[in-house]
1. For region 61-79, give me each residue that is farther than 20 Å from Met38 by Cα and aliphatic (A, V, I, L, M).
2. Tally time: how many residues in region 89-113 are assigned to a helix (DSSP H, G or I), in contact with a helix residue (DSSP H, G or I) (Cβ under 8 Å, 6 or more places away or on another chain), more than 27 Å from Leu71 (Cα to Cα) and open to solvent by 30 Å² or more (accessible area, probe 1.4 Å)?
3. Given the criteria open to solvent by less than 80 Å² (accessible area, probe 1.4 Å) and without any contact (Cβ under 8 Å) to a residue 60 or more places away in the chain, does Pro67 qualify?
4. On the basis of being under 30 Å from Arg114 (Cβ atoms) and touching a residue at least 12 places away in the same chain (Cβ under 8 Å), does Asp144 make the cut?
5. Looking at Gly184, is it at negative phi and either small (Gly, Ala, Ser) or assigned to a helix (DSSP H, G or I) (or both)?
6. From the residues in region 158-175 that are touching a residue at least 24 places away in the same chain (Cβ under 8 Å) and aliphatic (A, V, I, L, M), which one is most open to solvent (accessible area, probe 1.4 Å)?
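The values are calculated or read from the model by the stated rules, or taken from the named source; none is laboratory data. From a predicted model like this one, the values you see are computed outputs, not experimental measurements. Note that we place each Cβ from the backbone using ideal geometry, even for glycine, and neighbour counts take in every protein chain shown. With ligands, DNA and RNA removed, areas are computed over all heavy atoms of the protein, side chains included. Shrake-Rupley method; radii C 1.70, N 1.55, O 1.52, S 1.80 Å.
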Amino acid sequence: MSTTRLQTLLSRLQQFYGLLPAPPRDPFAIFLWETLSMHTTPARRDAARGALKRIRVLTPDAMWRAPQKKLAEAVALAGPYQEQRLRALRTGVDLFRRSPKLPAVIRGPLGAARRALKPFPQLGDAYARRMLLFAAGRCVLGVDTHVSRVGRRLGYGKGGDDARKSIRSVQRALSCELEHDADGFRRASVYLLHHAQATCTEADPHCSVCPLLQDCPEGKIRAGAAENLKSEV
């Protein structure tokens, strides 16, 4: 099978960023990763995960019994939205504790796995897809607003006023260029999301240093506009 455009772009991202950490494979560990990753940077997420590890609260039962003050102090290292994170953690911990077989359900038949993930708070369809990808090896790509932005700028999918339709459009277009292989989907998930957060940001993308500039229609327009502005000055 020939290499697709997306696979080539992913190779450039991997060369540019180096080896990036991927979410763990354990369902509860993925839940923690996603909850701590919301609205923050990888460095802050990792600081909070490290603090939780030091106080030994990386299982549902341990987190349930943890002193709330210590838990709050660890979660605060992830940055803003501390209360929302704590509420999400409490709800998720309760779901895992009340359903000891939940990890097996998530790794089982797709319909039951999707139903089991619906009650998780604030995490949405992209989270459910990443859970199915990293925990169960399902070849599904979790596209949120960040990854959707990168995809549209690169020419994948369609934009529009309906954000959900736009995300699904990008999701289908990206998935079509990936082999039916879980590791390939995992690499795409990790590198596209990181690129969205580190370089292809929403308000002020760093197009001049982007490794995908020559293959990015919007990036070329932005870089050209920046050059014209410099020449006028």
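1. Ala62, Ala66
2. Total meeting the criteria: 3.
3. Against the criterion (open to solvent by less than 80 Å² (accessible area, probe 1.4 Å) and without any contact (Cβ under 8 Å) to a residue 60 or more places away in the chain), Pro67 qualifies.
4. Criteria met by Asp144.
5. Considered against the rule, which asks whether it is at negative phi and either small (Gly, Ala, Ser) or assigned to a helix (DSSP H, G or I) (or both), Gly184 comes out as yes.
6. Selected residue: Ile167.
Conditions (1) under 21 Å from Arg25 (Cα atoms); (2) open to solvent by 90 Å² or more (accessible area, probe 1.4 Å), marked per residue:
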{"site": "Thr40", "(1), (2)": "no, no"}
{"site": "Arg44", "(1), (2)": "yes, yes"}
{"site": "Ala51", "(1), (2)": "yes, no"}
{"site": "Arg54", "(1), (2)": "yes, yes"}
{"site": "Leu71", "(1), (2)": "no, no"}
{"site": "Ala74", "(1), (2)": "no, no"}
{"site": "Phe120", "(1), (2)": "yes, no"}
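This table checks each residue for (1) part of a helix (DSSP H, G or I); (2) touching a Lys or Arg at 6+ places or on another chain (Cβ under 9 Å); (3) farther than 29 Å from Cys200 by Cα.
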{"site": "Arg12", "(1), (2), (3)": "yes, no, no"}
{"site": "Phe16", "(1), (2), (3)": "yes, no, no"}
{"site": "Leu19", "(1), (2), (3)": "no, no, no"}
{"site": "Pro23", "(1), (2), (3)": "no, yes, no"}
{"site": "Trp33", "(1), (2), (3)": "yes, yes, no"}
{"site": "Leu36", "(1), (2), (3)": "yes, yes, no"}
{"site": "Arg44", "(1), (2), (3)": "yes, no, no"}
{"site": "Ala47", "(1), (2), (3)": "yes, no, no"}
